[in-house]
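S.K.: Got a structure for you, questions after.
The values are calculated or read from the model by the stated rules, or taken from the named source; none is laboratory data. On a predicted model such as this, the values are computed, not experimentally measured, just so you know. Here the Cβ is made from the backbone with ideal geometry for all residues, glycine too, and neighbour counts use every protein chain on show. Ligands, DNA and RNA are stripped out before the accessible areas are found, and what is left, the full protein with its side chains, is counted by its heavy atoms. Shrake-Rupley method; radii C 1.70, N 1.55, O 1.52, S 1.80 Å.
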Amino acid sequence: MERPVILIPARWASSRFPGKPLALIDGVPLVVRVCDRASQAFGADVTTVVTDDARIHETVLKAGFQSVLRDYNAATGTDRVAEAVKNIEGDIFINVQGDEPLVCPDDIRRIYDEKLSNPNAVINGYCEITDLEALQSPSTPKVVFDGNSRLLYMSRAVIPAHKSQTASIFSNRHFFRQVCIYAFNREDLELFAETPRASVELSEDIEILRFLMVGKPVLMVQCKPTDFAVDNPEDIFNVERVIRQQVEHKDE
């Protein structure tokens with residue numbers, strides 16, 4: 001078995017939500033909720049937060065998970081992961097976004113399995129968009145892929161575009177968003193780290209585009225539908241509502 005390592009980038013600085021990893025979701029820090037969910041895939045001993053902030057580092061350790069604390073001068077979460085794995089043993093590195101407190105452990109395992117089957121490709125998740133607000137939001141990266149699930153492009157704009165946008169935008173049409181779970185091997189991350197950021201990545205602010213710009217295939221894996229990432233403080237209410245509904249359902 002190729003040894004999996006789950007890595008969760010978490011930084012304090014954020015233009016939209018400073019201190020987001022320690023924001024409380026029903027009394028539990030966001031980063032700990034992500035660790036709790038992600039660790040259900042392969043265990044807490046291979047679930048590691050990558051951070052440059054001592055407050056986040058200490059919170060993660062107290063919660064029983066691994067944490068790497070370093071002064072990362074990196075532009076993106078994947079750049080931080082690429083730096084961290086230089087000192088971490090493992091074969092398949094699964095990058096889980098630190099703002100997805102409802103990440104599905106089965107999706108993590110599914111993306112790991114896809115990487116085993118396609119070692120020369122980067123693996124990323126997607127799900128269908130069913131909400132108009134999420135579709136139109138620039139916080140939602142939209143994806144287009146071919147019949148073999150190979151990523152063609154990813155954008156914060158609505159893609160595929162249509163020349164006559166109407167209120168019936170979802171009629172006979174399907175839109176998909178990125179689910180921020182990635183699977184890499186060490187060679188993928190070395191390639192990413194040594195490749196300069198191209199204008200398209202800078203314009204969209206979507207790091208996975210760096211692989212497309214150098215011709216690295218990215219395969220998309222369908223994941224559980226989710227519209228509940230924490231991008232802004234107001235997103236916390238929606239996440240808490242879903243968590244409470246899940247608890248109530250279990251108690252029935």
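S.K.: Among the numbered criteria (1) exposed (fewer than 15 other Cβ atoms within 10 Å of the Cβ); (2) farther than 27 Å from Gln40 by Cβ, which single criterion is violated by Leu191?
M.R.: Leu191 satisfies all of (1) exposed (fewer than 15 other Cβ atoms within 10 Å of the Cβ); (2) farther than 27 Å from Gln40 by Cβ except (1).
S.K.: What's the number of the only condition in (1) at pLDDT below 95; (2) over 28 Å from Phe42 (Cα atoms); (3) open to solvent by 60 Å² or more (accessible area, probe 1.4 Å); (4) hydrophobic (A, V, I, L, M, F, W, C) that Leu135 fails to meet?
M.R.: (3)
S.K.: Residue by residue through region 94-110, note down the ones that are more than 26 Å from Ala23 (Cβ to Cβ) and in contact with a strand residue (DSSP E or B) (Cβ under 8 Å, 6 or more places away or on another chain). Show your work before the answer.
M.R.: Step one: list which residues in region 94-110 are more than 26 Å from Ala23 (Cβ to Cβ), which gives 109-110.
If the condition is that a residue be more than 26 Å from Ala23 (Cβ to Cβ) and in contact with a strand residue (DSSP E or B) (Cβ under 8 Å, 6 or more places away or on another chain), then Arg110 is the only one that fits.
S.K.: Right, here's the next one. Would you please name the residue that is modelled with the lowest pLDDT, looking only at residues in region 140-156 that are of a type in the set (Ser, Thr, Tyr) and open to solvent by less than 30 Å² (accessible area, probe 1.4 Å)? It would help to see each step written out before you state the result.
M.R.: Start the filter on region 140-156 by keeping residues that are of a type in the set (Ser, Thr, Tyr), which leaves 140, 149, 153, 155.
Filter again for open to solvent by less than 30 Å² (accessible area, probe 1.4 Å), leaving 140, 155.
On the way: Thr140: 89, Ser155: 98.
Among those residues, the one meeting the criterion is Thr140.
S.K.: Any residue at all in region 102-119 that's farther than 21 Å from Val49 by Cα and hydrophobic (A, V, I, L, M, F, W, C)?
M.R.: Yes - at least one qualifying residue is present in region 102-119.
S.K.: Now for a separate question. Under 8 Å by Cβ, and 6 or more places apart or on different chains, what pairs join a residue from region 147-164 that is closer than 14 Å to Leu132 by Cα with one that is open to solvent by 60 Å² or more (accessible area, probe 1.4 Å) and of a type in the set (Phe, Trp, Tyr)?
M.R.: Ile159/Tyr153
S.K.: Here's another thing I want to ask about it. Right, Ile6: more than 21 Å from Cys104 (Cβ to Cβ) and either modelled with pLDDT of 90 or more or not hydrophobic (A, V, I, L, M, F, W, C) (or both) or not? Can you show your working first?
M.R.: Values: more than 21 Å from Cys104 (Cβ to Cβ): no; either modelled with pLDDT of 90 or more or not hydrophobic (A, V, I, L, M, F, W, C) (or both): yes.
No: the conditions fail for Ile6.
S.K.: Applying the selection to region 79-138, what residues are over 23 Å from Leu30 (Cα atoms) and of a type in the set (Phe, Trp, Tyr)?
M.R.: Tyr112
S.K.: Sticking with this structure for a sec: Evaluate the following for Glu128: is it modelled with pLDDT under 95 and either within 24 Å of Val103 (Cα to Cα) or within 15 Å of the chain's Cα centre (by Cα) (or both)? Walk me through it before giving the result.
M.R.: Working: modelled with pLDDT under 95: yes; either within 24 Å of Val103 (Cα to Cα) or within 15 Å of the chain's Cα centre (by Cα) (or both): yes.
For Glu128, the condition - modelled with pLDDT under 95 and either within 24 Å of Val103 (Cα to Cα) or within 15 Å of the chain's Cα centre (by Cα) (or both) - is met.
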